[in-house]
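The values are calculated or read from the model by the stated rules, or taken from the named source; none is laboratory data. In this text the structure is predicted, and so the values were computed from the model without any measurement. Reconstructed Cβ throughout: ideal geometry from the backbone, glycine too, with neighbour counts over all protein chains shown.
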Ligand SMILES: [Zn+2]
């Protein structure tokens with residue numbers, strides 16, 4: 001555990017210009033439940049331990065694109081693992097998520113919106129001061145797979161569809177004989 005020297009960096013309202021000018025960095029491990037929107041995606045059933053989100057952020061100044069003023073950039077890296085619902089067997093599947101992105105900072109949200117179409121990198125506004133936590137959570141949410149699935153499901157699933165032994169939920173749409181009803185009829 002590294003002791004944090006008296007840094008004034010507030011990851012919830014980061015002074016990004018100063019952070020980049022100082023070439024500063026922050027790193028932390030936060031429990032998954034601290035990321036509410038991401039945590040809402042997790043399957044909690046049978047999970048004894050909470051996951052951790054490990055992240056680090058590093059700022060740097062780079063020369064402006066056309067000889068303009070130096071610009072603040074942020075490198076954000078994170079990794080975690082979230083238990084999601086496997087779409088094949090419906091069991092929990094630990095799904096690793098990783099973020100490794102650069103962001104370029106512009107003055108405000110209007111500037112970000114104006115420039116967004118013209119550049120490949122992601123833009124963020126210096127003001128209002130960004131929350132690294134929120135930026136990180138947005139990025140992690142974007143990494144969620146559309147269809148979470150085990151590579152190999154831990155339970156056999158080959159009998160799930162079309163198997164007469166499963167699923168009476170269809171209300172008996174498929175007429176099949178109930179052996180016990182059949183037996184009862186024969187006993188009369
Ligand atoms: Zn599965």
>> Can you pull out every residue in the stretch 47-87 that is surrounded by 15 or more Cβ atoms within 10 Å (Cβ to Cβ) and within 16 Å of the ligand (Cβ to nearest atom)?
In response: 81, 82, 83, 84, 85, 86
>> Looking only at the stretch 118-144, how many residues end up being in contact (Cβ under 8 Å) with a residue 12 or more places away in the chain, within 17 Å of residue 100 (Cβ to Cβ) and part of a loop (DSSP other than H, G, I, E, B)?
In response: 3
>> Could you check the stretch 59-78 and list, in sequence order, the residues that are modelled with pLDDT of 95 or more and out of contact with any helix residue (DSSP H, G or I) (no Cβ under 9 Å at 6 or more places or on another chain)?
In response: 75, 77
> Only one of these conditions is not met by residue 97: (1) crowded, with 17+ Cβ neighbours inside 10 Å; (2) touching a residue at least 60 places away in the same chain (Cβ under 8 Å); (3) under 12 Å from the mean Cα position of the chain (by Cα); (4) away from the ligand (no atom under 16 Å from the Cβ). Which number is it?
Replying inline: (2)
>> I'd like the full set of residues that are exposed (fewer than 13 other Cβ atoms within 10 Å of the Cβ) and either within 16 Å of the ligand (Cβ to nearest atom) or over 21 Å from residue 60 (Cβ atoms) (or both), limited to the stretch 109-121.
In response: 110, 113, 114, 116, 117, 118
> Applying the selection to the stretch 62-84, what residues are in contact with a strand residue (DSSP E or B) (Cβ under 6 Å, 6 or more places away or on another chain) and over 11 Å from residue 99 (Cβ atoms)?
Replying inline: 62, 64, 70, 71, 72, 73, 74, 81, 82, 83, 84
